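Accompanying notes for the structure given below.
What follows draws every value from the coordinates through simple rules; no lab data is involved. For clarity, every value in this text was computed on a predicted model and none was experimentally measured. Here the Cβ positions follow ideal geometry from the backbone for every residue, glycine too, while neighbour counts run over all protein chains shown.
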Amino acid sequence: MTKINLIDRSNYFKGLLLLIRKDNKVAPSEERLITKVGLALGFEKSFIRTAISEILENENILDDPPSFSDPMITKSFLKDGLKISASDNDIDPNELYWLKEIAKINSVPEHWLDNQLKHLVENKDLILEDLEVQNRFVLSGEF
């Protein structure tokens with residue numbers, strides 16, 4: 001288990017919120033999974049609900065791709081992002097572009113992300129509910 005600090009936790013949650021906004025809709029499956037992510041990251045349920053309900057209209061949230069302090073966190077984020085994108089049975093090109101931008105900013109090779117997408121498509125029913133954030137991290141109060 002890897003420690004994930006407060007800044008990375010915030011970036012993880014915000015980055016996934018921005019991801020679900022990329023296709024201008026929040027599917028029930030996306031809402032359910034992002035709620036699981038938020039709870040696993042230690043956020044209050046009311047905060048999570050508010051953030052999800054306001055993400056489409058909130059223009060004050062900057063659309064900057066997040067960077068993370070550890071490559072393992074980035075890869076976990078990208079895997080969870082792919083799962084959330086695929087949860088509504090339609091990975092929007094804008095969602096995939098967003099994930100590729102995050103991979104690029106965090107020095108994750110694009111072919112790694114492409115392989116993860118291929119694996120997800122081939123095994124979707126088996127791994128969609130298995131979120132990385134629930135299995136890989138211990139919360140840290142550090143910045």
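Some points to look at:
- Taking the fewest neighbouring Cβ atoms within 10 Å as the starting point, the ordered list for TYR12, TYR97 is TYR97, TYR12.
- Cross-link partners of LYS124 among lysines (Cα-Cα below 26 Å; sequence separation of 8 or more within a chain): LYS14, LYS22, LYS25, LYS36, LYS75, LYS79, LYS83, LYS100, LYS104
- The chain, relative contact order [Cα under 8 Å, separation at least 6], %: 41
- Cβ crowding within 10 Å ranks ASP23, ASP64 as ASP64, ASP23, fewest other Cβ atoms first.
- Each residue in ASP63, ASP70 was given a count of other beta-carbon atoms within 10 angstrom of its own, and listing them fewest first yields ASP63, ASP70.
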